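K.L.:
Attaching a single structure in structure tokens format; questions to follow.
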Amino acid sequence: MQRRITGWYSHNLGMEMPIVAYGHAGYPMLFFPTAAADFLEYERFHLIDAVAHYIEQGRVRIYSINSVNRYALLNEQASPQWKAEILSRYDRYVTDEVLPLIRQDTGEQRGPVTTGASLGAYLAANAYFRHPDVFRGTIPMSGSYDVRQYFDGYSDDNVYFNNPMSYLPNLDDDYFLPRLRHADCIYILTGQGRWEAPERSRQLSDVLNAKGIPHTLDMWGHDVDHDWPWWRKMLDFYIGKLF
């Protein structure tokens, strides 16, 4: 399997941001790491190995990036205003810096499918729901899509537009909503075992149903924990549904 690490100084974030790409051909996917982890997390926890057969067959090309959760949502020293500002800068980093690289590499203009687990699920879903015109779809696993608890009651436009459970219920326009209603793939996945919170995925599904946005809510069994062995199985299964 081809593997390439690159990176650059992000003008949006003011820091070096590395990225790893796996594969030589196929439809692009963009991976967002969990919690405060880095761009190599999915490799270390063998999720890349779990989907390597798709990569080696040239069916998908995977890109994995850093998050800014350690500076934003998980930064207890930062003000809520600054946390929200960093999330908005991260959104611009993804759309203005990462996506052009993926388009140049792949020649694919419709954009990648986003995915991630836990807090990575939130980042993946937020990127897609904010920009259904430049992403193809999303496969969030075991996520929470209402992050207002990280802001201690503070609210501004940056909080609102980085919180899917705030902006999606109010979405009523002639540009983004029609694109979401014609989504290629929205697969919301969760277990119901230890450390999982399936009600968070159900809440997101309820909002999408109310807006007429087609999607799949797949709630795996009560033996399915919030943990890597299950995320490997989930993603392997659902990448197969992309083709």
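K.L.:
With the crude spin-label approximation of a point 7 Å out along Cα→Cβ, what separation in nm comes out for residue 108 versus residue 74?
P.N.:
2.8
K.L.:
Here's another thing I want to ask about it. Find how much the distance from residue 11 to residue 53 grows on full extension, using 0.36 nm per residue of separation minus their present alpha carbon separation; answer in nm with one decimal.
P.N.:
Numbers: separation 42, 0.36 × 42 = 15.12 nm, distance 3.55 nm.
Between residue 11 and residue 53, full extension yields 11.6 nm more.
K.L.:
Taking only C-alpha pairs under 8 Å that are 6+ residues apart, what is the relative contact order of segment 3-242 in percent? Write out the running numbers ahead of the final one.
P.N.:
Values: 471 pairs, mean separation 40.9, N = 240.
Result for segment 3-242 is 17 percent.
K.L.:
Distances over 11 Å make up what percent of all Cα-Cα pairs in segment 97-138?
P.N.:
Working: 528 of 861 pairs.
Taking all Cα-Cα pairs of segment 97-138, the fraction more than 11 Å apart is 61 percent.
K.L.:
Please list, ordered by chain and number, the residues whose modelled amide H lies under 5 Å from the amide H of residue 65; skip anything fewer than 5 residues away on the same chain.
P.N.:
Residues meeting the criterion, in which the H sits 1.01 Å from N, are 31.
K.L.:
With each run of n ≥ 4 DSSP H residues scored as -39500 (n - 2.57), what mean residue ellipticity at 222 nm is computed for the chain after dividing by its residue count and rounding to the nearest 500 deg cm²/dmol? Let's see the in-between values first.
P.N.:
Values: 11 runs with 86 residues, N = 243.
When only DSSP H runs of four or more count, the value is -9500 deg cm²/dmol.
K.L.:
For the chain, return all DSSP H helices satisfying: extent of Cα atoms along own axis at least 15 Å; mean Kyte-Doolittle hydropathy at least -1.0. Please report the intermediate quantities before stating the final value.
P.N.:
Numbers: long enough: 80-93 (20 Å, -1.37); 119-130 (16 Å, 0.55); 198-210 (18 Å, -0.97); 228-239 (16 Å, -0.38).
Result, helices passing both filters: 119-130, 198-210, 228-239.
K.L.:
Then there is this: Please report 1, 29, 17 as a ranked list, fewest other C-beta atoms within 10 angstrom at the top and most at the bottom. Mind dumping the intermediate values first?
P.N.:
On the way: 1 12, 29 27, 17 20.
The most exposed by this proxy come first: 1, 17, 29.
K.L.:
Hey, what's the per residue convex hull volume over the C-alpha atoms of the chain, in cubic angstrom? Before the final figure, lay out the partial values.
P.N.:
Numbers: hull volume 28.6 nm³, N = 243.
Dividing the Cα hull volume of the chain by its residue count gives 118 Å³.
K.L.:
Here is a follow-up. Rank the residues 190, 216 as a footprinting-exposure proxy: fewest other Cβ atoms within 10 Å of their Cβ go first. Don't jump to the answer; show the numbers that get you there.
P.N.:
Details: 190 27, 216 13.
Exposure proxy ranking, most exposed first: 216, 190.
K.L.:
Peptides 108-118, 34-44: what's the order by average Cβ count within 10 Å, highest mean first?
P.N.:
Details: 108-118: 22.7, 34-44: 18.8.
In descending order of packing, they fall as 108-118, 34-44.
K.L.:
Out of segment 144-243, which trypsin sites (Lys or Arg not before Pro) are coil in DSSP terms and have no more than 15 other C-beta atoms within 10 Å?
P.N.:
Numbers: sites: 148, 179, 181, 194, 200, 202, 211, 232, 233, 241; in loops: 194, 211.
Passing both the DSSP loop test and the Cβ count: 194, 211.
K.L.:
Please give the peptides 218-228, 125-135 ranked by average Cβ packing (other Cβ atoms within 10 Å per residue), highest first, as a rough proxy for protection. Intermediate results must be reported in sequence, preceding the final value.
P.N.:
Working: 218-228: 16.1, 125-135: 22.0.
Descending mean neighbour count gives 125-135, 218-228.
No lab work stands behind these numbers, since they all come straight from the coordinates. Given the structure is predicted, the values throughout are model-derived calculations rather than measurements. Every residue, glycine as well, gets a Cβ built from its backbone with ideal geometry; the counts of neighbours run over all protein chains shown.
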